[in-house]
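What follows is one structure encoded as structure tokens, with my remarks underneath.
The values are calculated or read from the model by the stated rules, or taken from the named source; none is laboratory data. A quick note: this is a predicted structure, and the numbers were derived from the prediction, not measured. Here Cβ is always computed from backbone atoms with ideal geometry, including for glycine, and neighbour counts include all displayed protein chains. Heavy atoms of the whole protein, side chains included, go into the accessibility calculation; ligands, DNA and RNA do not. Shrake-Rupley method; radii C 1.70, N 1.55, O 1.52, S 1.80 Å.
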Amino acid sequence: GAVVSQHPSWVICKSGTSVKIECRSLDFQATTMFWYRQFPKQSLMLMATSNEGSKATYEQGVEKDKFLINHASLTLSTLTVTSAHPEDSSFYICSARVVRGYDGYTFGSGTRLTVV
Amino acid sequence: EDQVTQSPEALRLQEGESSSLNCSYTVSGLRGLFWYRQDPGKGPEFLFTLYSAGEEKEKERLKATLTKKESFLHITAPKPEDSATYLCAVGTLGRLYFGRGTQLTVWP
């Protein structure tokens, strides 16, 4: 139980285009979802926290106009990287808090974004 | 200022050689200390949640312990399949703060 499905696993896009990453909670309702970015051999850096039906809260230094987050339902949150540039290439991971079964945060499998 | 520090950064063990990973933290209002395993190109996989000093949890060859300022992940008689990056995170104010992780390699 408590599975978060993230798609796509990897994506290559041209500079200037937009890319959407989806994160779905398969067997529970996720009121709050989190989006992280991870560089090689680095820690997970929280980008934003999204709450169902309301605007996302972005961490300091994260451009909200570049990283659009939508959490329209209790099972789906999306991250759209707009006008992507090579420096946006990274590993993006979503997460949701689970309070049933075990008290923890479950993570998606991640999306490797490469902007060329 | 780092709030979560993990050591060592990398650890190489021979199969069967037990060891411990350390996670020290400086956050107020701790709402859980979490351990995760991360394989290359994958998202973190949940291992344990600890809430209070003195608490211990075990799963197969792994045992996690918690004091007021640090946590240890003990690995007993590791196998090559235990090779991964082990991440520690502290929960506070409704979010997680992660350490940089310990990259564990277990060779036969």
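Tell me the net charge near A:ALA84. Cut-off is 15 Å between Cβ atoms, A:ALA84 excluded, with +1 for each Lys or Arg and -1 for each Asp or Glu.
+1
Determine the residues within segment B:1-48 where the difference in accessible area between the chain on its own and the full set of protein chains amounts to at least 50 Å²; count protein heavy atoms only and use a 1.4 Å probe.
Relative to the lone chain, where solvent access is computed with a 1.4 Å probe, segment B:1-48 loses at least 50 Å² at B:PRO44, B:PHE46.
Treating only the Cβ of Lys, Arg, Asp and Glu as charged (+1, +1, -1, -1), what charge dipole size does chain B show about its Cα centre? Round to the nearest 20 debye.
260 debye
Enumerate the lysines that B:LYS42 could reach by cross-link, defined here as Cα to Cα under 21 Å, with residues fewer than 8 away along the same chain left out.
Once the sequence-local lysines are set aside, what remains near B:LYS42 is A:LYS20, A:LYS41, B:LYS59, B:LYS79.
Hey, any idea what % of the protein assembly as shown's accessible area is carbon plus sulfur with a 1.4 Å probe?
Summing carbon and sulfur atoms, their accessible area is 51 percent of the total for the protein assembly as shown.
Just the number, please: buried accessible area between B and A, total of both chains, 1.4 angstrom probe, nearest 100 square angstrom.
Summing both sides, the interface buries roughly 1500 Å².
Quick one: Cα centre-to-centre distance for segment B:31-48 and segment B:73-108, in angstrom?
7 Å
Please give the Cα centre distance for segment A:16-44 versus segment A:68-92, rounded to the nearest Å.
7 Å
Averaged across the residues of B:96-108, what count of C-beta atoms belonging to other chains lies within 10 Å of each residue's C-beta?
2
Using 0.36 nm times the number of residues separating A:LYS66 and A:ASP27, minus their current alpha carbon distance, what extension gain do you get?
Length gained, A:LYS66 through A:ASP27: 11.0 nm.
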